[in-house]
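The values are calculated or read from the model by the stated rules, or taken from the named source; none is laboratory data. In this text the structure is predicted, and so the values were computed from the model without any measurement. As a convention, Cβ positions derive from the backbone with ideal geometry for all residues, glycine included, and neighbour counts pool all protein chains shown.
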Amino acid sequence: MRKALFWINIPFAAGLLAAFGAVYVSPEKAWYLALFGLTYWFWISVNVLFVFVWLILKWRYTLLSLTVIVLTFPLHVRLVAPRMPELSESEDPENAVRIMSYNVQLFGLYQWKNNISHRNEMFRFLRKADADILCFQEYFYEETDYFETTDTLVNVLDAKNFQFETASSLHGTHHWGAATFSRLPIVNKGKIKFDRSRGNICLYSDVVKGKDTVRIFNVHFESNHLETQKIDRLAQGDSTARIIALDMYRSLRKSYKRRAGQVDLVRKAISESPYPVIVCGDFNDTPISYTYSQISAGLKDAFLETGSGFGFTYAGKIPFLRIDYILHDPSIRSSKFKILKGKKLSDHYPVECMVEFPRSMQTE
């Protein structure tokens, strides 16, 4: 029985090693490894369970899972910020700026019966949040009076400096994309278009504070296109579950490959920035991924710096996902990272932190 259990242990240990490979191998070369990264929590949980089982049955067999857990240690530290949450609100650091990243899910546009009230509730939330710089993904702008967003937000946020870049449009009046609003001056703007993508884009804004400039990237990488209805039907054991699973498999394969190409474009733009950078956005990928590894290279993760707990940011049907980030140059200090889990207004929770620019940037 012990030998049979040991042989069962082997593929689970290999699965955790495959998750490690997902971090370093581009999905364009071996996309299936990304699935092991996506399901990391399953592989690490089973291997930890095997360690405890072998401590009871035959302690020497613990070496298999224990060795793999140790070898993949660089993955584990990406997932948990080992700090206690602040019990009281301390004062914001002097000269710091509050920055927020939020996938707003089109402000509830497709909730046809109450989309206006939903949009207005989001506006009230954003006013109360009082951020100085806001990076929105899945932003919607309509050139009519029915579902106005941009002009209203300029007033609501007291942020007269903004950049909106269109990923796709309809009838010349309905626009989907990403937007950055800032109370600080924006002196230069740019965008990175993603080929074959209808709703995803990256934009960058050069924001001035004092005598220097920081480049803020606002990115929304390729979505996985896993429809909520299909996830529900699959979980319920729908009679077409096999067809649904195959469709989701194909969707993930296409998304991972497209995202890899997008990541390489943004990584190149970050490396060529003449200014310190802050990267905000919905990566549609977990920290155990090629996406995160490439974009975070040489940068600090604000959640790991001053957050606490596991930091799950996705509020949709799939649990245990951290896919929304604020990364920054090492010369920039972050503090008070938060995931704002109040009333759920989107399928993502907004993330925010305070950032202190380098000393030369604090001189007015």
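Number of residues in the range 171-207 that are touching a helix residue (DSSP H, G or I) at 6+ places or on another chain (Cβ under 9 Å) and either assigned to a loop (DSSP other than H, G, I, E, B) or surrounded by 16 or more Cβ atoms within 10 Å (Cβ to Cβ) (or both) equals 11. Does Ser168 meet the test of being assigned by TED's automatic domain parsing to the domain that holds Gly210 and under 12 Å from Ala179 (Cα atoms)? Here the answer is no, as Ser168 does not meet what is asked. Taking the range 250-282 as the range and being among the small types (Gly, Ala, Ser) and buried (at least 20 other Cβ atoms within 10 Å of the Cβ) as the test, the residues that pass are Ser255, Ala260, Gly281. Listed by position, the strands (runs of 3 or more DSSP E) contained in the range 252-364 that have at least 1 residues being β-branched (Val, Ile, Thr) and in contact (Cβ under 8 Å) with a residue 60 or more places away in the chain are 277-282, 324-328, 351-356. Within the range 275-284, the presence of a residue that is in the same structural domain as Tyr204 (by TED's automatic domain parsing), among the aliphatic types (A, V, I, L, M) and modelled with pLDDT under 95 is excluded. Candidates are the residues of the range 54-85 that are in a loop (DSSP other than H, G, I, E, B) and loosely packed, with under 12 Cβ neighbours inside 10 Å; the one that is modelled with the highest pLDDT is Val77. In the set Ser255, Ser182, Ser205, Ser197, only one residue is among the small types (Gly, Ala, Ser), at pLDDT below 90 and farther than 22 Å from Phe147 by Cβ; that residue is Ser197.
Is at least one residue of the range 132-148 part of a helix (DSSP H, G or I) and crowded, with 17+ Cβ neighbours inside 10 Å? For the range 132-148, residues part of a helix (DSSP H, G or I) and crowded, with 17+ Cβ neighbours inside 10 Å: absent.
The residue list Val51, Val46, Val97 contains one member that is modelled with pLDDT of 90 or more, surrounded by 13 or more Cβ atoms within 10 Å (Cβ to Cβ) and within 30 Å of Leu184 (Cβ to Cβ), which is Val97.
Residues are listed down the side, and each one gets a yes or a no for (1) of a type in the set (S, T, N, Q); (2) touching a His at 6+ places or on another chain (Cβ under 6 Å); (3) surrounded by fewer than 20 Cβ atoms within 10 Å (Cβ to Cβ):
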| site | (1), (2), (3) |
| --- | --- |
| Asp285 | no, no, no |
| Tyr292 | no, no, no |
| Ile295 | no, no, no |
| Ser308 | yes, no, yes |
| Tyr325 | no, no, no |
| Pro330 | no, no, yes |
| Arg333 | no, no, yes |
| Gly342 | no, no, yes |
| Asp347 | no, no, yes |
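Scanning the range 1-50 for residues that are of a type in the set (Lys, Arg) and out of contact with any helix residue (DSSP H, G or I) (no Cβ under 9 Å at 6 or more places or on another chain) turns up just one, Lys3. Within the bounds of the range 259-272, is there any residue that is at pLDDT below 95 and polar (S, T, N, Q)? Checked against the condition, which is being at pLDDT below 95 and polar (S, T, N, Q), the range 259-272 yields no hits at all. Can you spot a residue in the range 104-121 that is in contact with a Ser or Thr (Cβ under 8 Å, 6 or more places away or on another chain) and surrounded by fewer than 17 Cβ atoms within 10 Å (Cβ to Cβ)? Taking every residue of the range 104-121 in turn, none turns out to be in contact with a Ser or Thr (Cβ under 8 Å, 6 or more places away or on another chain) and surrounded by fewer than 17 Cβ atoms within 10 Å (Cβ to Cβ). Would you mind stating whether Gly199 is in contact with a His (Cβ under 8 Å, 6 or more places away or on another chain), in the same structural domain as Ser255 (by TED's automatic domain parsing) and farther than 26 Å from Pro358 by Cβ? The answer is yes for Gly199. For the range 235-246, the condition holds for no residue, the condition being that it is in a helix (DSSP H, G or I), in the same structural domain as Lys341 (by TED's automatic domain parsing) and at pLDDT 95 or above.
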